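What follows is a single structure, written as structure tokens, with notes after it.
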Amino acid sequence: MTLRTAMSPEQTLEYLTIAPEDRPGTLALLQAPVTPAVEQVLAHLTARLGSSDDSIPELGRPEAPVTEFDWLTAMLHFVPATVAWHSDRGIPEATSRATLADFGRQMAINRRVHQRFGMDTYKWLNHVFSGRLYQLGRLQYLIHQPAAKIPGVSPDEWILGIHIPEDGGLSAEAVAHSLALAAPFFATHFPEKPVGTANCESWLLDPYLSAHLAPSSNIAKFTARFTPYGEPRDEPTDAVYFTFRTRNMENLAALPRTTALQQIVLNRIDAGGAWQLGFGSLTLPV
């Protein structure tokens, strides 16, 4: 498969902000022969680039499954095509770099969680390589149509799904700056998909959290921006994973309780409660 723009392995790693400890493994993937399994993933990525179809087919066969490293290899080779597509849309290089940096971020998180090279969240990056997700300042925005009913939003309306990358705090100033960038960015680069509403689906929107945080905290101020909709859904491990980066629920007593957030997360579980996924929407500033 021929990609439109040449990019050296070193340029690819720079674009993706690969951490030093993950660079040898990443270079090895880039320099290895392209296998039929990698070609399958490349064909999938090519078909989805610019598409609103977010389905991820089962590739390969039971006797020859497509692996995590086949996906990562294909994504690495697909960086030039994604960058070229961004450029054709007039998307600034700085935004392209900030968006694709999620690859290196997810790889670094994987090393911290699993103590190995790789990425168990590679399917999430389909949003990045399809041109549906962009990082604008502190937050990421996924252009999509709502799967659940949101008051005042029609099912065929385009909205922005807000995601919070692991990039530091959630100061009110940083959040406000990011939100102010969102509507103008998508109006400029995706005029055929007008957006006026954003939604967020997160354990941070669990009503329990806002009831137990100090109103002056950054997370409380963030969640207060959203109007709740729908019924919260049990997601028992999300709060633990995103607070402590572990899915292991067997040894919670060993986890730190240094911050107020850590204490709230663990105290609720200790009391027999379960964390939930909350849903909220907001009107984007113009």
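Listed here are the helices (runs of 4 or more DSSP H) enclosed by the stretch 87-136 that have at least 1 residues being modelled with pLDDT under 95: 102-114. Those residues that are surrounded by fewer than 13 Cβ atoms within 10 Å (Cβ to Cβ) and touching a Lys or Arg at 6+ places or on another chain (Cβ under 9 Å), I need them from the stretch 225-257; list them, please. Selection gives nothing.
Do the conditions hold for ASP238, that is, is it modelled with pLDDT under 95 and closer than 30 Å to ALA183 by Cα? Taking the combined requirement at face value, the residue satisfies it.
Please enumerate the residues belonging to the stretch 49-72 that are polar (S, T, N, Q) and surrounded by 11 or more Cβ atoms within 10 Å (Cβ to Cβ). Correct list: SER51, SER52, THR67.
In the stretch 151-184, the residue that is nearest to the chain's Cα centre (by Cα) out of those that are surrounded by 15 or more Cβ atoms within 10 Å (Cβ to Cβ) and of a type in the set (D, E, K, R) is ASP167. The residues listed here are LEU277, LEU261, LEU282, LEU205; of these, the one that is more than 20 Å from the chain's Cα centre (by Cα) and either modelled with pLDDT under 95 or of a type in the set (A, V, I, L, M, F, W, C) (or both) is LEU261.
Does ALA174 meet the test of being in contact with a Phe, Trp or Tyr (Cβ under 8 Å, 6 or more places away or on another chain) and of a type in the set (A, V, I, L, M, F, W, C)? So ALA174 does not fit the description; no.
The values are calculated or read from the model by the stated rules, or taken from the named source; none is laboratory data. Because the structure is predicted, anything quoted here is derived from the model rather than measured. In this analysis, Cβ positions are derived from the backbone assuming ideal geometry, glycine residues included, and neighbour counts consider all displayed protein chains.
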